1. Taking the range 89-112, which residues are within 15 Å of Pro361 (Cβ to Cβ) and open to solvent by less than 30 Å² (accessible area, probe 1.4 Å)?
2. Taking interchain pairs and intrachain pairs at least six residues apart, which have beta carbon atoms under 8 angstrom, with the first residue in the range 79-105 and at pLDDT 85 or above and the second of a type in the set (S, T, N, Q) and open to solvent by less than 30 Å² (accessible area, probe 1.4 Å)?
3. Could you list, ordered by first residue, the pairs with Cβ atoms under 6 Å in which the first is in the range 315-330 and more than 21 Å from Gln142 (Cα to Cα) and the second is surrounded by fewer than 22 Cβ atoms within 10 Å (Cβ to Cβ), at least 6 apart or interchain?
4. Working only within the range 91-109, note down all residues that are assigned to a helix (DSSP H, G or I) and either of a type in the set (Ser, Thr, Tyr) or farther than 24 Å from Gly38 by Cβ (or both).
5. Please work out which residue is nearest to Ala130 (Cα to Cα), limiting yourself to the range 40-59 and to residues that are at pLDDT 80 or above and open to solvent by 10 Å² or more (accessible area, probe 1.4 Å).
6. Which condition breaks for Val63 when tested against (1) open to solvent by 10 Å² or more (accessible area, probe 1.4 Å); (2) in contact (Cβ under 8 Å) with a residue 40 or more places away in the chain?
7. Give me the helices (runs of 4 or more DSSP H) completely within the range 343-408, filtered to those with at least 2 residues that are under 22 Å from the mean Cα position of the chain (by Cα) and among the charged types (D, E, K, R), ordered by residue number.
8. Here is a check on your reading of the model: is Arg137 assigned to a helix (DSSP H, G or I) and either open to solvent by 50 Å² or more (accessible area, probe 1.4 Å) or modelled with pLDDT under 80 (or both)?
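The values are calculated or read from the model by the stated rules, or taken from the named source; none is laboratory data. Predicted model only: the values in this text are computed from it and were never measured. Neighbour counts are summed over all protein chains in view; Cβ atoms, including those assigned to glycine, are modelled from backbone coordinates with ideal geometry. Areas reflect the complete protein model, heavy atoms only, side chains present, ligands, DNA and RNA absent. Shrake-Rupley method; radii C 1.70, N 1.55, O 1.52, S 1.80 Å.
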Amino acid sequence: MSRDRRPLVGLLIGHAVSLTGNVLTLIALPLYVLAETGSPAATGLAGAFATAPVVLGGAFGGVLVDRIGYRRASVLADVVSGVTVAAVPLLHATVGLPFPALLALVFVSGLLDTPGQTARTALLPEAAVAAGVPIERAVGWQEATSRGARMIGAPVAGLLVGVLGALPVLAVDAATFAASALVVTLLVPRGLRPSVEEAEADAGGYWQQFSAGLRFLVREPLLRAMVLLVMVTNLFDAAKSNVLLPVVADRDLGGPAAFGLLVGTMGAGALVGSLLFSAVGHRLPRRAAFVTAYAVCGAPPLWALAAAPPLPVVLAVVAVAGLAAGAINPLIGAVELERVPAAMRARVYGVIGAGCWAAMPVGALGAGLAVDRFGTTATMLTVSACYMLAVLTPLWGGPWHAMRRPPPVARQREAEPTRPTPATLE
């Protein structure tokens, strides 16, 4: 059987470039708002407007991705994001950019982020089959590209913001989305899709298909529990990444370059962690590895920032946290691929993504208000304590017992893209 690695390479490159653009926005946007307003509350509001459309796009965009096709959805999402991001520096330099207009552009830019990423993930099993690569390895590579995008994009963005300002970085960001759309267009063939996709996409109307994806998630206790946990931890992560890190970096650690180094160090550690997990993860007990990784990656960076040591010490703590974080998404991704039928990937992944992101706008907005009212140190200690309590809940058991790895024959059958089987608890 001949192997064609171009679709897999195209998906991974497009994924990496598109996420690099998202990281540039993550760094440049809060620093731009801080420079223009000087207000942590305004920065939190901008973070809320950046994350709210990701939730909405994930919840309602999955069915559209199933309908219009995974490849086309990936390209369309990058094009829309590129145009809206480019409008920020363009308007600022010409007619002016009032804060409400900035919020509107940020909202529209994020609306298709989740559907675009969902589309690339939904194509991954078919691309892996075409390349002759095990699905576990392909998932690990995709996660490594995500982490690599953060590792490279964040420090570069921080340095560029420090030298050029936030607006030129947003212009570069727009170019990355265009590059991602071009790569997927050229390397991923139109015919790459699950063999059952067309028949499933035509079954029922939009709301019937949306309801089917939602019902599937509701009836899966393990997936429900994972979504709830990630939703809570993402609330705290949004507070950390959208408000606490940029505010502390700007006020206490030296400015944009320090912010970029913190995010980039986290990404570098997570990249190494993802690669290590790809090599040894199949030998580890899933639930224990999941809880340990979450406990190490969540609260310790906030403890370090609250203690206010020198920047190198904070970077060391963040690097270890990133190393642990590298195991989390591959674990979640493996469970999803084992349980979600091929024809429902986009809509189920979209609902899962929306649930995971649902509380992030609240986290960003709440952190901005809390910093204004109580200060950064008190806010960081409170967030870290709540984070640690949340990530220990899988130790209670219940649906988390089903996280254990299925037998090899069952796993191979569930990963087969053209013969999806109903997901069941063990």
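1. Residues satisfying the conditions are Leu103, Val106, Ser109, Gly110.
2. These pairs meet every condition: Val80/Ser109; Ser81/Ser18; Ser81/Ser109; Gly82/Thr176; Thr84/Ser109; Val85/Ser109; Leu105/Thr84.
3. Val317/Pro300; Val317/Ala304
4. Filtering the range 91-109 down to residues assigned to a helix (DSSP H, G or I) leaves 91-93, 99-109.
Those that are assigned to a helix (DSSP H, G or I) and either of a type in the set (Ser, Thr, Tyr) or farther than 24 Å from Gly38 by Cβ (or both): Val108, Ser109.
5. Checked the range 40-59; the qualifying residue nearest to Ala130 (Cα to Cα) is Phe49.
6. (1)
7. Working: elements: 345-357, 360-374, 376-391.
Result: 345-357.
8. Details: assigned to a helix (DSSP H, G or I): yes; either open to solvent by 50 Å² or more (accessible area, probe 1.4 Å) or modelled with pLDDT under 80 (or both): yes.
For Arg137, the condition - assigned to a helix (DSSP H, G or I) and either open to solvent by 50 Å² or more (accessible area, probe 1.4 Å) or modelled with pLDDT under 80 (or both) - is met.
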